[in-house]
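What follows is a set of notes on a single structure, which appears directly below.
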Amino acid sequence: MSLSHTAPAAASTASAPAVELQGARFAYRAGRDVVAIESLVIPRGETVFLHGPSGSGKTTLLGLLAGVLKADQGAVRILGTDLTRLSSGERDAFRAQHLGYVFQQFNLIPYLSVRENILLPVRLDAGRRARLQGADPLRAADTLAADLDIAGALESPVTELSVGQQQRVAVARALIASPELVICDEPTSALDSDRRERFLQLLFKSCAKAGATLVFVSHDMSLQPLFARAVSLPEVNRASAVHLVEN
Amino acid sequence: MGTILRLALQSLRSRFLTSFLTVASIALSVTLLVGIEHVRAGVRESFAGTIRGVDLIVGARGGTLQILLSSVFGIGAPAGSVSMATYERWAQHPAVAWTIPYALGDSHRGYRVVGTTPEFYERYRYRQDGRVTFATGGPAAKETDVVIGAEVAERLGYAVGSPIVVTHGLQGGGISDHEAHPFTIVGVLDRTFTPIDRAIYVTLEGIEAMHEDFEAMPVSAPPAIGAPAESVPSMPGASAPPAMPGASAPPAMPGYEPPPGTPTMPGYEPPPGTPTMPGATPPAVAPAPAPVAEAPHDDEHDDHADHDEDAQGAEGDHAGHDHAPEQITAFFVGTRNRFEALQLQREMNTDLTEPLTAVIPGVALGELWQNIASAEVGLRIVALFAVAIGLTGMLVALYSSLDARRREMAILRAVGAGPRTIVSLLVFESALLAFVGCVLGVAFVYLILSLGQGAIEARSGIHLAIRGLGATEWSYLALVLGAGTLIGFVPALKAYRNSLSDGLSPRS
């Protein structure tokens, strides 16, 4: 395990870390913290495996990282921006612009075609569209689809896709217009082990190409060896100081 | 926002059946609402447009509505009559530009016969500036000339040149036939969608002439009530009266108006118990154009004779035979200056020579409409409930689809849509459903109108003009659209709360 706990130090680099939590606490009901993380830093460009059993606060932590939830205390810095200082609308805009998100399953809007699903982030948000730097969104989608081996399915209705294909479409959507951070919430749980590895390979390759930091959440410990780094959520959450540093 | 719009459209399309049914229920309720309003406005319009250009309607002293109904609509009995002398005196009044005399009391197979002058064809107006025009032929000029309304011509299959027999009395079949004075149709009027269509017009002299002929027959004099009626053989084409077998047929039966030209006053009717010829009331005979079994001529004429006796010095008046009736039922007045109408009305109403009631048609029509307006309120309430049902259906459809769409909302949130976007998506959907419902509903109204206009006219005589939406209709549409949009907030706020509590992983 290439995991060590030290004081935050990554901010010294030219750009802020992809994720930096300090004293972040969140409770759905007052006094019952679900997330209490003293320190968690994920540098840019990493592929991090965040694992923990159900109930360890994974979903809540992802909500905090994505800015859907707002920490009650502490700082949640994504790419150097403290989300706790943003309004909910600003957090939505931030997410639209800088984040890609892949769900466990049912990632796609059923009434849109595969291409429309991939294009959704750039169509919905002007900031995200700007990241294409003038490139044609359709071509960007086609390139991603080719990389993820779903080019043949671009015009299909999403309901005709296999689960594996659907998850790759979801990755393409998360990666369109090259966001800095991609969060995957157990995206392989519905895949069998062969496809799982192949999926991860495509995911790593695409994230590397896009230059995105990958935070991959799962309770499936068998995936851990595939990642460069791993964070155990039970250790980090409610632990005094859990810190991830570069090798 | 363009994306939201497209998303909403695609989402609705993906739930085509539900969307379609929702739109259909809204469209139907809008059809009902707008349709009822259209019919209401159409009825009111054709009602208010029944008579135009006439400043005063003058009849014997009586109720405003009675005068209006009897003279313009041909409903019910006039209160009495106006003597020719009085009419002529008022016609000379400096404020009066023209007059149209109206002598009622006879009928032909259920259609009223009106004795009038050529002024009628000149001056009478209906709806906006509708003139009385001829489909064929021209005005009645001679004593025996008859002009018929469009409906009369159509229903009875008459044309210019047809002979016609006028029946004395007003009810369905005639009471007696003025067969001695057969008339000839010289003109058929264009359809007006007013009571004109259901009337038959003759000259005043024509009216008088047929009564002279009638009176020339042996009639047992004064105590005429019980006297046997003249056995006038009925002409082919004339129908016998609707008889109530066994009824002692009191001449005073309501509706058995005294004939025109017969000066009568209310209350002059003989008492009901008056002996009448037993069995004199003939059995009903099918009103077929073919010669029918001879009905023994009825005794209702007694009251004709009777009234003649009772009337103010009518006795002997016929001696002159100047071919102008002594009495008319009412007359219409056009003033030189509209502002003088009120003054003239007051003058007529207070004049002591002969008690008259002058009515301003617009005022009386408004009064009459008020009386029947409560029915329209009921219709509106029903239609509004229909709209409420349609909108509730939409609420149910949107709300019940919400759970299935939680995942969709989470995806949208994950790609950066804020809760406000989610809300606007759902509100936009419902607004769109309501809007399409309104458009289809209105389109449906016009479709029905354009297809059914003829049939509605033929059946009810109501001319429903195809016209633009009025202020009321627009406000209804705004109401439906506004309510539809507001209703969209109910599922939208639920989705908003879901998307907040769900975060990015709906518990489903």
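The values are calculated or read from the model by the stated rules, or taken from the named source; none is laboratory data. In this text the structure is predicted, and so the values were computed from the model without any measurement. A quick note on method: Cβ atoms are made from the backbone with ideal geometry, for glycine too, and the neighbour counts reach across all protein chains shown.
Within region A:26-46, count every residue that is touching a Ser or Thr at 6+ places or on another chain (Cβ under 8 Å), more than 14 Å from chain B (Cβ to nearest Cβ) and surrounded by 18 or more Cβ atoms within 10 Å (Cβ to Cβ).
5
Count, please, the residues in region B:122-144 that happen to be under 26 Å from B:ALA97 (Cα atoms), touching a residue at least 40 places away in the same chain (Cβ under 8 Å) and outside any loop (DSSP other than H, G, I, E, B).
5
Among the candidates B:GLY62, B:GLY53, which residue alone is modelled with pLDDT under 85 and outside the structural domain of B:ARG459 (by TED's automatic domain parsing)?
Step by step, each of B:GLY62, B:GLY53 is checked, and only B:GLY53 is modelled with pLDDT under 85 and outside the structural domain of B:ARG459 (by TED's automatic domain parsing).
Name the single residue, out of those in region B:389-411 being within 14 Å of another protein chain (Cβ to nearest Cβ) and hydrophobic (A, V, I, L, M, F, W, C), that is nearest to B:THR485 (Cα to Cα).
By that ranking, first place goes to B:MET409.
Go through region A:1-14 residue by residue and tally those that are part of a helix (DSSP H, G or I) and either within 29 Å of A:SER222 (Cβ to Cβ) or at pLDDT 75 or above (or both).
Summing the residues that are part of a helix (DSSP H, G or I) and either within 29 Å of A:SER222 (Cβ to Cβ) or at pLDDT 75 or above (or both) in region A:1-14 gives 1.
Out of all the residues in region A:41-62, is one or more in contact (Cβ under 8 Å) with a residue 40 or more places away in the chain and of a type in the set (Phe, Trp, Tyr)?
Taking every residue of region A:41-62 in turn, at least one turns out to be in contact (Cβ under 8 Å) with a residue 40 or more places away in the chain and of a type in the set (Phe, Trp, Tyr).
Scan region B:347-372 residue by residue and report those that are of a type in the set (Gly, Ala, Ser) and within 20 Å of B:THR329 (Cβ to Cβ).
Within region B:347-372, B:ALA358, B:ALA364 qualify.
Output the helices (runs of 4 or more DSSP H) that fall wholly within region A:158-247 and possess 1 or more residues being within 15 Å of the chain's Cα centre (by Cα) and without any contact (Cβ under 8 Å) to a residue 60 or more places away in the chain, or say none.
Result: A:163-175, A:193-210.
Every residue in region B:1-10 that is over 30 Å from B:PHE385 (Cβ atoms), of a type in the set (A, V, I, L, M, F, W, C) and either buried (at least 16 other Cβ atoms within 10 Å of the Cβ) or more than 14 Å from chain A (Cβ to nearest Cβ) (or both), please.
B:ILE4, B:LEU7
Any residue in region B:390-409 that's assigned by TED's automatic domain parsing to the domain that holds B:THR485 and closer than 9 Å to B:PRO491 by Cα: show its pairings with residues that are of a type in the set (Lys, Arg) and assigned to a helix (DSSP H, G or I) at Cβ separation under 9 Å, as long as the two are six or more apart or on different chains.
From residues that are assigned by TED's automatic domain parsing to the domain that holds B:THR485 and closer than 9 Å to B:PRO491 by Cα, the pairs are B:TYR399/B:LYS494; B:LEU402/B:LYS494.
Hey, B:LEU464 hits all of (1) crowded, with 18+ Cβ neighbours inside 10 Å; (2) more than 14 Å from every other protein chain (Cβ to nearest Cβ); (3) in a helix (DSSP H, G or I) but one; which does it fall short on?
Condition (3) is where B:LEU464 drops out.
Can you find even one residue in region B:481-496 that is within 14 Å of chain A (Cβ to nearest Cβ) and at pLDDT 80 or above?
There is at least one residue in region B:481-496 that is within 14 Å of chain A (Cβ to nearest Cβ) and at pLDDT 80 or above.
In this structure, is A:LEU61 more than 10 Å from chain B (Cβ to nearest Cβ), surrounded by fewer than 21 Cβ atoms within 10 Å (Cβ to Cβ) and closer than 21 Å to A:PHE216 by Cα?
So A:LEU61 fails the test.
Applying the selection to region B:126-139, what residues are out of contact with any helix residue (DSSP H, G or I) (no Cβ under 7 Å at 6 or more places or on another chain), modelled with pLDDT of 85 or more and crowded, with 17+ Cβ neighbours inside 10 Å?
Selection gives B:GLY137 alone.
Only strands (runs of 3 or more DSSP E) wholly contained in region A:15-83 count here; list those with 2 or more residues that are among the acidic types (Asp, Glu).
Passing ranges, in order: A:32-42.
Yes/no per residue for (1) of a type in the set (D, E, K, R); (2) in contact with an Asp or Glu (Cβ under 6 Å, 6 or more places away or on another chain); (3) within 20 Å of B:PRO195 (Cβ to Cβ):
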residue: B:THR50; (1), (2), (3): no, no, yes
residue: B:ALA77; (1), (2), (3): no, yes, yes
residue: B:MET84; (1), (2), (3): no, yes, no
residue: B:HIS93; (1), (2), (3): no, no, no
residue: B:GLY110; (1), (2), (3): no, no, yes
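Pick from region A:131-143 the residues that are of a type in the set (A, V, I, L, M) and free of Cβ contacts under 8 Å to residues at least 40 places away in the same chain: which of them is farthest from the other protein chains (Cβ to nearest Cβ)?
Among those residues, the one meeting the criterion is A:ALA135.
Output the residues belonging to region B:412-429 that are part of a helix (DSSP H, G or I) and farther than 17 Å from B:ALA483 by Cβ.
B:LEU412, B:ARG413, B:ALA414, B:PRO419, B:ARG420, B:THR421, B:ILE422, B:VAL423, B:SER424, B:LEU425, listed by residue number.
Look at region A:110-157 and say how many of its residues are in a loop (DSSP other than H, G, I, E, B), among the acidic types (Asp, Glu) and under 14 Å from B:VAL415 (Cβ atoms).
Looking only at that region, the number is 1.
What are the residues in region B:11-56 that are within 14 Å of another protein chain (Cβ to nearest Cβ) and touching a helix residue (DSSP H, G or I) at 6+ places or on another chain (Cβ under 8 Å), if any?
Across region B:11-56, the qualifying residues are B:SER11, B:LEU12, B:ARG13, B:ARG15, B:THR18, B:SER19.
Of these, B:ARG407, B:ARG338, B:ARG380, B:ARG346, which one is of a type in the set (Lys, Arg) and in a loop (DSSP other than H, G, I, E, B)?
Testing whether each residue is of a type in the set (Lys, Arg) and in a loop (DSSP other than H, G, I, E, B) leaves just B:ARG338.
Applying the selection to region A:64-97, what residues are buried (at least 23 other Cβ atoms within 10 Å of the Cβ) and in contact with an Asp or Glu (Cβ under 6 Å, 6 or more places away or on another chain)?
A:ALA96 - this is the single residue of region A:64-97 that is buried (at least 23 other Cβ atoms within 10 Å of the Cβ) and in contact with an Asp or Glu (Cβ under 6 Å, 6 or more places away or on another chain).
Please specify each residue of region B:143-165 satisfying the condition of being over 18 Å from B:MET210 (Cβ atoms), among the hydrophobic types (A, V, I, L, M, F, W, C) and under 21 Å from the mean Cα position of the chain (by Cα).
B:ALA150, B:ALA153, B:LEU156
Does region B:124-142 contain any residue that is under 21 Å from the mean Cα position of the chain (by Cα) and under 15 Å from B:VAL359 (Cα atoms)?
no
Within region A:196-208, can one find any residue that is surrounded by fewer than 19 Cβ atoms within 10 Å (Cβ to Cβ) and of a type in the set (Ser, Thr, Tyr)?
No, every residue in region A:196-208 fails to be surrounded by fewer than 19 Cβ atoms within 10 Å (Cβ to Cβ) and of a type in the set (Ser, Thr, Tyr).
Pairs please, first residue from region A:86-109 and more than 7 Å from every other protein chain (Cβ to nearest Cβ) and part of a strand (DSSP E or B), second anywhere and among the charged types (D, E, K, R) and crowded, with 19+ Cβ neighbours inside 10 Å, Cβ atoms under 7 Å, 6+ apart in sequence or on different chains.
A:VAL102/A:ASP185
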